[in-house]
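For reference, the structure is listed below as structure tokens.
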Amino acid sequence: MNGYNFAYLDEQTKRMIRRALLKAVAIPGHQVPFGSREMPLPYGWGTGGIQVTASVLGADDTLKVIDQGADDTTNAVSIRRFFARTAGVATTTDTEQATIIQTRHRIPEKKLREDQIIVYQVPQPEPLFKLESSRAETRRMHALAEYGAMHVRLYEDITRFGQVAISYDYPVMVGGRFLMAPSPIPAFDNPKMHMMPALQLFGAGREKRIYAIPPYTEVRSLDFEDHPFRTTRAPHRCALCNADNSYLDEVVTDDRGGRMFVCSDTDHCETRQEAGHAGTGEALVREAPVGSAARGGGMKP
Amino acid sequence: MAYVAVKGGERAIDNAHAWLAEERRGDPSVPEVCVAQIGAQLGRAVDRVMAEGSLYDPELAAVAVKQSQGDLIEAAFLLRAYRTTLPRFGYSTPLDTAAMRVRRRVSAVYKDLPGGQVLGPTYDYTHRLLDFALAADGTPPPPAPRAEAEAATMPRVSDILRGEDLIEGDGPRETDREPTDLTREPLGFPASRDARLQALARGDEGFLLAMGYSTQRGWGGSHPFVGEVRLGEVAVEIVPPELGFAIDIGDVTLTECQMINQFKGSKTKPPQFTRGYGLVFGHAERKAMGMALVDRAMRHDEFGEEATAPAQNVEFILYHSDNIEGTGFVEHLKLPHYVDFQSELETIRRMRREAEVALHE
């Protein structure tokens, strides 16, 4: 684009970010402060992820951008356009073809490869922030690997609810050393981070932190021996591609309790449909009248 | 209802932008406001955008005000996103505000002082009665009375009190390092005073006003007096390495506030007045004063004061003073969160099912 450097950021800034990335890769799960720049998109829209992508992007890369698993959500469209405009790189919705995938809130269903990089947009890089609001103090806690407070928090959930009640941004231990926020992906996606062949990079623009998980790194969701980590997904099949193991979005189809469950990963769903998989295409109706909804979310076709 | 996977984000964005452009212009039968008009007649808006956008460029700030339909935080964001693309050549020598060409200077601590009280263009003593004449096409006001400017420089009140050693000094100038620049390096703690002052100077006027106000109501009070507030033009000088001496690169309009605060003294220091400092681009007295109050409140550790109030909490102030960061993170809640919400839905359903089973057992 006229008047701007390749991928918007100037080369000195990219070098600064790459240095932070190298440090982050060298210390998996450790948050590296970096001189986050003010981007032409607002904080909260993915400025950290955008800066990381801009710094690792080359002219021959193929970029995929997803938000909530979908390529066509407005913010994913906007970020993809930003790079198509400022870097002129090829873009794709096909997970397999992408060399760099920037994501907000999901990890694709398809297993990623060694020659791919996944860049996460991170709103809050500090996994301890709800337990300790001072970043000066949490920094010290990380240095001392002082993570007892987080275990206590999980334990309190178990005593109150019989289970851990964190459903997204579920904290993980990286390489057995650093407690890390996986960004607000559903806990369903956490196991995909473990020993992932692809390089995982995390950018938090507003909080000015970068962190990383190198390929084939151990990533464990925090749990207890007698309360092992478990994932949750809606117990249904995708109405479009019939998948019974993908993460599902719940789409409200009427005002009488009708629901349809469809894959959140749109590329995964379309690929399956092209391969001949077909769902019922039907919405589910609620078993009981709305008035007795307190009985629970039982759904039947 | 049949469900079709949502497509058309791209077209929605294009259409939204077209609608926005139309709405921004408004009724085309009404003449378009021009940038020169904004600069000349909405100067306080332009000043605020320059201060919070931390870029001194009245013309670009006026463009930003126009482009954002007068949403000043949005305008500051536009200016910052432009600023971030500019190379940084260096930094200026310390500005000499004693040599300011003063348009306004008031002190609340001395009835008269060298340089005098200069009321200048202020709303302070206007009666806030709507001027309905402005609703009609007004004729320009008659020219204001003029007088010769005082040639002498106008010493700062802090320098006047300094003579008796009744007030703390400026402290030594750190010349062994470059000034902190939060737009290049991330904020770290403990934050140096220059980093703090930079954050405050870029900070949100409303936030600084509220935090400063809170110190006056007992939340970290420091008994302030306005030593002085001054407004005017100051020369900016840089020393290019290839020249080795200072050259004047232009003037900026600044508002400076020197707040004077009590200090009862400690075992090592006799009682002395202390200072809070505010310096803001443009005409921005409210912000400069709020900044000075908050600056002083955050210096509690230097004077052994107990930190109990929000305005004294350096981390709290510095992390939340920036309205571009704040507006981004608050407003990002508009972005889709289907995935997180779905995981919450499933968790709460599971917990309710299990709770119900437990109830029936």
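The values are calculated or read from the model by the stated rules, or taken from the named source; none is laboratory data. Bear in mind that the values here come from a model prediction, so they are computed numbers and not experimental data. Glycine also receives a Cβ, built like all others from the backbone with ideal geometry; neighbour counts cover every protein chain displayed. The protein model used for the area step is the full one, side chains on, heavy atoms only, and it has no ligands, DNA or RNA in it. Shrake-Rupley method; radii C 1.70, N 1.55, O 1.52, S 1.80 Å.
Worth a mention:
- The largest-to-smallest principal axis extents of the Cα set in chain B are 81, 64, 54 Å.
- Inter-chain Cβ neighbour average for residues B:236-242, partner chain, 10 Å: 0
- Of A:64/B:334; A:208/B:287; A:110/A:130, pairs whose Cα-Cα distance is over 24 Å: A:208/B:287; A:110/A:130
- Residue A:84-residue A:230 pseudo-label distance in nm [points 7 Å out on the Cα-to-Cβ vector]: 4.4 nm
- Calculated on the Cα set of the protein assembly as shown, radius of gyration then Dmax: 29.0, 93 Å.
- Residue-span extension gain [residue B:127 to residue B:109] - 0.36 nm each, minus C-alpha spacing: 4.0 nm
- When the Gaussian network model of chain B links Cα atoms closer than 10 Å, the mean-square fluctuations of B:240, B:141, B:224 top out at B:141.
- Summing charges over all other residues whose Cβ lies under 14 Å from the Cβ of residue A:140, with Lys and Arg as +1 and Asp and Glu as -1, gives -3.
- Of the residues B:219, A:45, ranked by 1.4 Å probe accessible area with the largest first, the sequence reads B:219, A:45.
- A:199, B:200, B:333, A:131, ranked by accessible area, largest first (probe 1.4 Å): B:333, A:131, A:199, B:200
- Calculated FRET value between residue B:268 and residue B:150, using beta carbons and R₀ = 35 Å, to 0.05: 0.30
- Among B:48, B:350, B:11, the largest mean-square fluctuation in a Gaussian network model of chain B (Cα springs under 10 Å) belongs to B:350.
- Here chain A carries DSSP beta bridges of which approximately 60% are antiparallel, counting only pairs with both residues inside.
- Point-to-point label distance, residue B:238-residue B:159, nm (Cα→Cβ direction, 7 Å offset): 2.6 nm
- Taking B:195, B:136, B:235 as the candidate residues, the one with maximal mean-square fluctuation in a Gaussian network model of chain B, Cα springs under 10 Å, is B:136.
- Antiparallel beta bridges, as assigned by DSSP with both residues in chain B, represent about 95 percent of the total such bridges.
- Total accessible surface hidden between A and B, rounded to 100 Å², 1.4 Å probe: 5000 Å²
- Here's the picture: a label point sits 7 Å out from the Cα of residue B:89 along the beta-carbon direction, and within the range B:234-263 the residues with their amide nitrogen under 20 Å of it are B:234-253.
- When you count the other C-beta atoms within 10 angstrom of each residue and take the mean per peptide, A:272-281, B:241-250, B:74-83 line up highest first as B:74-83, A:272-281, B:241-250.
- Peptide B:244-253 is shielded by partner chain Cβ atoms: per residue, an average of 0 of them sit within 10 Å of its Cβ.
- Calculated FRET efficiency for the pair residue B:177/residue B:330, C-beta based, R₀ 45 Å, to 0.05: 0.80
- Taking N as its residue count, the alpha carbon Rg of the range B:10-83 over 2.2 N^0.38 Å: 1.16
- Full-stretch length increase - residue A:245, residue A:282 - with 0.36 nm per residue and alpha-carbon distance subtracted: 11.5 nm
- Here is the list for the range B:100-137: trypsin sites (Lys or Arg not before Pro) lying in DSSP coil, each with at most 15 other C-beta atoms within 10 angstrom of its C-beta, are B:111, B:128.
- Look at the stretch A:121-131: the mean tally of other chain Cβ atoms within 10 Å of its residues' Cβ atoms is 1.
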